[in-house]
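Reading through the C-alpha cells given below for one structure.
Only the coordinates and a few stated rules stand behind these numbers; no lab work does. Since this is a predicted model, take the numbers as computed values, not measurements. Virtual Cβ from ideal backbone geometry, glycine too; neighbours counted across all protein chains shown.
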Amino acid sequence: MPMSNMHHSASDFHPQEIIQMYARRWQIEGYFKVAKQYLQFDKAQIQSYDGLCGHMALVLIGYDILALAQRENQDDRPLPEIAFTNALDRLLKALTGIAKKLDMSESILNTILGQLPLN
C-alpha cells in the first residue's frame, strides 16, 4: 500500500481491500511470532547495525526454510515453477522501481546492479 494511503480510515476502503490489508498484516504477525518463539529473533544482543542486519537475514532464511518445509509437508500441489531469468527480471524491476522512488542516481543503481552475480 502506498504511504499516501496510510492516513485513510478503514471506511475509505472497500471491504475486500480491508480484508486484503488484514491478511497481509496477519502474515507479518505470523512471521514475528515464529521468529521470536522458534528462531530467537528477540533474544539477540547485537550492538551494531551490520550485526543486526546479518542476524535479521539469518532469521529470515531460517523462517523461509521452515515455511518451505511446512508447505511441502502440508500441501501436495507442486510449487510454482519460476525460471531464474524470470526471477532475475522481477528483481531488477523491483530494484529499479525502488531506486526511482528514492530518487537514486543511475550511477548508484548501476553500482548496486554490478555487484549481482552474472551466472
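Below, the figures for the structure above:
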{"item": "Kyte-Doolittle mean at least 0.0, axial Cα span of 30 Å or more - DSSP H helices of the chain", "result": "49-74"}
{"item": "Approximate spin-label separation Ile61-Asp42, in nm, with each point projected 7 Å along Cα-to-Cβ", "result": "2.5 nm"}
{"item": "Net +/- balance of residues flanking Phe13 in space, Cβ distance below 15 Å, scoring K and R +1, D and E -1", "result": "0"}
{"item": "Global form of the chain, assessed from the alpha-carbon gyration tensor, a/c cut-off 1.5", "result": "rounded"}
{"item": "Nitroxide proxy distance, nm - points 7 Å out along Cα→Cβ at Ser107 and Leu88", "result": "2.6 nm"}
{"item": "Net charge contributed by nearby residues that have their C-beta within less than 15 Å of Phe32 (K/R +1, D/E -1)", "result": "+2"}
{"item": "All lysines inside 16 Å of Lys93 as judged from Cα atoms, apart from same-chain residues fewer than 8 positions distant", "result": "Lys101"}
{"item": "Partner aspartates and glutamates for Lys33 [C-alpha distance under 20 Å; skip if fewer than 8 residues away on the same chain]", "result": "Asp42, Asp64"}
{"item": "Segment Gln115-Ile28, extension gain: residue separation times 0.36 nm, minus the distance between their alpha carbons", "result": "28.4 nm"}
{"item": "Residue-count net charge about Asp42 - beta-carbon cut-off 13 Å; Lys, Arg +1, Asp, Glu -1", "result": "+3"}
{"item": "Signed unit charges on C-beta, dipole axis of the chain, positive-most listed residue Tyr22, Ala94, Leu68", "result": "Tyr22"}
